[in-house]
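Visitor: What follows is a structure written as structure tokens; I'll ask about it next.
Read-outs throughout are calculated quantities, based only on the coordinates presented, and are distinct from any laboratory measurement. Being a predicted model, the structure only gives us computed values, none of them experimental.
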Amino acid sequence: MTKITYVDHTGTSRTVDGIDGESLMETAVSNLVPGIDGDCGGACACATCHVHVDTDWFDRLPPIEPNEKSMLEFCEGADEKSRLGCQIKVSPALDGIVVHTPVAQH
Ligand code: FES
């Protein structure tokens, strides 16, 4: 299993088992992790799955596609480590990844 750690704005961390092929958004929602809503179901159309990726992990992720980049522009508090959780698929290469959920989504 691939371990995914979500850290909320208070510093509380929750580590869950991800299923390969599912997204970080789907993994959060199915494990009742707060701070990620996924309102559009992963269609890259709502930006309620915004996360800040831990610095050590950001460069290991697949590049940002143009539609994800456009949606990130609508995210409150987006920065250079921002991604949409629905666009990142769980795989063994992500075992141990840490992402931070923004205060605006809590
Ligand atoms: Fe809507 Fe990611 S779930 S943009």
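Visitor: Please compute the Kirkwood hydrodynamic radius of the stretch 67-106 from all pairs of different C-alpha atoms, in Å with one decimal.
Guide: So the Kirkwood estimate lands at 11.5 Å.
Visitor: Moving on. For His50, list long-range residues whose amide hydrogen, built 1.01 Å from N in the peptide plane, is under 5 Å from its own amide hydrogen.
Guide: Gly85
Visitor: Above 14 Å lies some portion of the pair distances; for the stretch 17-69, what is it as a whole percent of all C-alpha pairs?
Guide: Pairs farther apart than 14 Å: 59 percent.
Visitor: Based on DSSP H runs of at least 4 residues, each adding -39500 (n - 2.57), what is the mean residue ellipticity at 222 nm of the chain after dividing by all its residues, to the nearest 500 deg cm²/dmol?
Guide: -4000 deg cm²/dmol
Visitor: Quick one: what does P(r) look like for the chain with 10 Å bins over all Cα pairs, in whole %?
Guide: 17, 56, 27, 0
Visitor: Sticking with this structure for a sec: Kindly write out, for the stretch 28-40 in residue order, the coupling ³J(HN,Hα) from the Karplus curve 6.51 cos²θ - 1.76 cosθ + 1.60 (θ = phi - 60°), rounded to whole Hz, with x marking Gly and Pro.
Guide: Calculated HN-Hα couplings, in order: 5, 4, 6, 9, 6, 6, x, x, 9, 9, x, 4, 8 Hz.
Visitor: Follow-up question, since we're still on this one. Of all beta bridges DSSP finds with both residues in the chain, what is the antiparallel percent, to the nearest 5?
Guide: 75
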